Amino acid sequence: MSAITASIGTSLNPDTREAVHDALERARAGLAGKAPAVAVVTTTVDHPAKTSFAAFREGLGSNVAIHGATTSLGVLGHGGVIAGPDGSVGVMLLAADEGAHLFTASGAIGANARDSGRDAARQLSVRAKGLGDPRAILLHASPGKEEELLVGIAEVFPHAPVFGGSAADHAIAGEWSVFTEEGPQGNALSMVGFFGDLRAGGALVAPFEPSGSEGRVTAADDRVLASVDGRPAADVLGEWVGGAIDFQVREGGNVLAQTALRPLGKRRRGSDGDHFVTIHPAQIKRPAGTVDLFARTETGETLCAMRGTREGLIEAIPRVVADALATTGLKKDEVRAAILIYCAGCAGSVGALLDEGLKRHLGAQLPGTPLLGFCTFGEQGHVPGLGNVHQDLSLSLLLVG
Amino acid sequence: MVLKRPDGPATVEGSDAPGRVHRLVGYLEEQHTPFVISRLIMMCGVQVRKCTPLTSEDETTLRRIEAALPTILTPEQTAAAIEVLRRR
């Protein structure tokens, strides 16, 4: 007897309703007649979120909880990057077998994101009354306040590992949605809690190493880095990255591509050694010389210049699978469902290599396991000895067995 | 980070060479995959898929697209794509 049964469906049909219908039909075929409890859904923003959600709700009925978020670039899976000219739709249907329990919770992110995270976690706790802490939580949230959401969740579930990814669009234009129980929302969070007689957990990997340069943050406001060692952050970043962003350092502009392999990092100490919380610089603002980031930094902390390679971003796929298997103690053939979170900036940077890497590594390491992958604007995962963290340019993998 | 609103295809009244981005999108989809277009949108911040054969793009938009091409294509592929984009 398995703890859960999962099945995947995807579609490149340009018509949103038909795409959802196709994906659900394919997913249902793999459930062997079992009734799903939760649908983890994703679409690219080419499909209108309200239409997608309505089609999912119509196709699933009212007894299946819907959880998910929009993905950038495409849907990921064993078949590589599933991306069409008119968008992609993906769904994982999850059915709980005897002794296993799945619950969802969601809500809008209010002015105090910590409270929003705590409230959603309380909602989950109430629904799972008597079952104790979840084995793991799958989180999807809008980009912006993930660190605070994690703090709020930890107030209710201090020991539950959280894995997930931030909702995304193609153009970093705020077109993303989180699929909550109430429908798609632009600024919200949604969670799935895995409770009871099952094993769930995962790993978080960012394949970068410090390049040797570092500096102290002398001015920052949440996700805007203003100065490092008393100098404009843009100038310092320009030196650390090299000539590749000279134009943006002078004029301002998008530096996503150039910094995908040259991010910033915050050194933290986990039980397995140093862990670098990686931060992706997104945009340089002139004339201020500030740098917009996809994760928070604070005045007084030290930032390291990090470096990686395109090949490293692909080799991180087998690494995150191996780490997740080791953490959960699951053997390959015991994994019943996998959710892969792959940073959209990394995916954009590695391009076609990702397609090949997913096919090669997932086929070898998790053969036959239902796997749904998202390209996200921030990744969350549990680091042993450090707890749940939000960072960028990372891979997060949740396994359930 | 500070979020911005989506940049649709900027248009110029009376431009004499409409549809250049639309032509580029068609070329890239034919030569590569739809994934390349999604990556281009991410890197330049312009919703190139919304450009039609009748859309006249301003010079700033074209420059942003042009600047993003080397981040997703090889130098040879970039040169060919820019030729397609700039052809009148």
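The values are calculated or read from the model by the stated rules, or taken from the named source; none is laboratory data. Keep in mind that what you see is a predicted model, and the values were worked out from it rather than measured. Virtual Cβ from ideal backbone geometry, glycine too; neighbours counted across all protein chains shown. Note: areas computed on protein heavy atoms with side chains; ligands, DNA, RNA excluded. Shrake-Rupley method; radii C 1.70, N 1.55, O 1.52, S 1.80 Å.
What does the C-alpha gyration tensor say about the overall shape of region B:16-86? Classify as rounded when a/c is under 1.5, otherwise prolate if a/b is larger than b/c, or oblate. Rounded, because the longest to shortest axis ratio a/c is under 1.5. If the chain linking A:LYS332 and A:ASP197 were pulled fully straight, counting 0.36 nm for each residue of separation and taking away their Cα-Cα distance, it would gain 46.8 nm. Measuring heavy-atom accessible area with a 1.4 angstrom probe and counting protein chains only, the residues of region A:328-353 that give up at least 30 Å² relative to the chain alone are A:GLY348, A:GLY351. Count the net charge of all other residues whose Cβ sits under 14 Å from the Cβ of A:VAL64, scoring Lys and Arg as +1 and Asp and Glu as -1. Net of charged neighbours comes to +1. Spin-label model, A:GLU58 to B:ARG87: label points 7 Å out along the Cα-to-beta-carbon direction sit 4.2 nm apart. The lysines within cross-link reach of A:LYS331, meaning a Cα-to-Cα straight distance under 25 Å and a gap of 8 or more places when in the same chain, are A:LYS34, A:LYS359. What the phi angles of region A:217-225 give under the Karplus curve with 6.51, -1.76 and 1.60, with θ = phi - 60°, is a coupling list of 6, 9, 7, 7, 9, 6, 9, 10, 8 Hz, glycine and proline written as x. For the pair A:LEU131 and B:ALA79, label points projected 7 Å from Cα toward Cβ lie 6.0 nm apart. When A:HIS140, B:HIS32 are compared by accessible surface with a 1.4 Å probe, the order from highest to lowest is B:HIS32, A:HIS140. Taking every protein chain into account, the accessible area of the protein assembly as shown amounts to 37 square angstrom per residue (probe 1.4 Å). Evaluated with a Cβ-only charge set (Lys, Arg +1; Asp, Glu -1), the protein assembly as shown carries a dipole of roughly 320 debye about its Cα centre, given to the nearest 20. Summarising the label geometry, the points placed 7 Å from Cα in the beta-carbon direction at A:LYS359 and A:ALA29 lie 2.0 nm from one another. Between the Cα long axis of helix A:113-127 and the first principal axis of chain A there is an angle of about 20°, rounded to the nearest 10. Cα gyration tensor of chain A, axes a ≥ b ≥ c as square roots of the eigenvalues: rounded (a/c below 1.5), prolate (a/b > b/c) or oblate? Prolate shape, in that a/c is at least 1.5 and a/b is the bigger ratio. Taking a straight line from the alpha carbon of A:LYS145, these lysines sit under 18 Å away, with near neighbours fewer than eight places off in the same chain left out: A:LYS266, B:LYS4. Compared with the dominant Cα axis of chain A, that is its longest principal axis, helix A:146-156 is turned about 50°. Relative to the longest principal axis of the Cα atoms of chain A, the long axis of helix A:16-29 lies at roughly 60 degrees.
When the residues A:THR43, A:THR302 are ordered by accessible surface, computed with a 1.4 Å probe over the protein chains alone, the sequence from largest down reads A:THR302, A:THR43. Proximity of backbone amide H atoms, modeled 1.01 Å from N, is registered between A:THR180 and A:GLN185 at under 5 Å, excluding neighbours fewer than 5 places apart on the same chain.
The distance linking region A:18-32 with region A:180-254 is 36 Å (Cα centroid to Cα centroid, whole angstrom). In this structure the amide hydrogen of A:ARG307, modeled in the peptide plane, comes within under 5 Å of the amide hydrogens of A:GLU209, A:SER211, none closer than 5 places in sequence on its chain. Summarising the amide proton neighbourhood of A:GLY30: residues at separation of 5 or more, or on other chains, whose placed amide H is nearer than 5 Å comprise an empty set. Ranking A:LEU12, A:LEU150 from most to least accessible surface, computed with a 1.4 Å probe over the protein chains only, gives A:LEU12, A:LEU150. What list of ³J(HN,Hα) couplings, whole Hz, do you get for region A:268-275 from phi and the Karplus terms 6.51, -1.76, 1.60, once you set θ to phi - 60° and write x for glycine and proline? Karplus-based 3J(HN,Hα) across region A:268-275 equals 10, 10, x, 6, 9, x, 5, 10 Hz.
Tell me, which longest segment in chain A has none of the GluC sites (Glu not before Pro) that fall in DSSP loops with at most 15 further Cβ atoms within 10 Å? It works out to A:183-297. A:HIS361 sits among other residues whose Cβ lies under 15 Å from its own Cβ, and their net charge, with Lys and Arg +1 and Asp and Glu -1, is 0.
The phi-based Karplus calculation (6.51 cos²θ - 1.76 cosθ + 1.60; θ = phi - 60°) puts the 3J(HN,Hα) values of region A:372-377 at 10, x, 10, 9, 10, 9 Hz, whole numbers, x for Gly and Pro. Of the trypsin sites (Lys or Arg not before Pro) in region A:120-178, the ones in a loop by DSSP (not H, G, I, E or B) with at most 13 other beta carbons within 10 Å are A:LYS129. What percent do you get for the relative contact order of chain A when only Cα pairs under 8 Å and 6+ apart count? Taking the mean separation of contacting Cα pairs over the length of chain A, I get 20 percent. Here is the interface size for B with A: some 2200 Å² of accessible area buried, both sides summed, with a 1.4 Å probe. Where a ≥ b ≥ c are the square roots of the eigenvalues of the C-alpha gyration tensor, would you call region A:2-112 rounded, which needs a/c under 1.5, or, failing that, prolate if a/b is larger than b/c, or oblate? Oblate, because a/c is 1.5 or more while a/b does not exceed b/c. Full extension of the chain between A:SER271 and A:ALA244 gives 6.1 nm of extra length, using 0.36 nm per residue less the Cα-Cα distance.
Calculated mean residue ellipticity, 222 nm, the protein assembly as shown: -10000 deg cm²/dmol, from DSSP H runs (n ≥ 4) at -39500 (n - 2.57) each, averaged per residue and rounded to 500.
Using 0.36 nm per residue and subtracting the Cα-Cα separation, the extra length available between A:GLU98 and A:GLU209 on full extension is 35.6 nm.
Across the accessible surface of region B:16-86, with the other protein chains kept in place and a 1.4 Å probe, carbon and sulfur atoms take up 56 percent.
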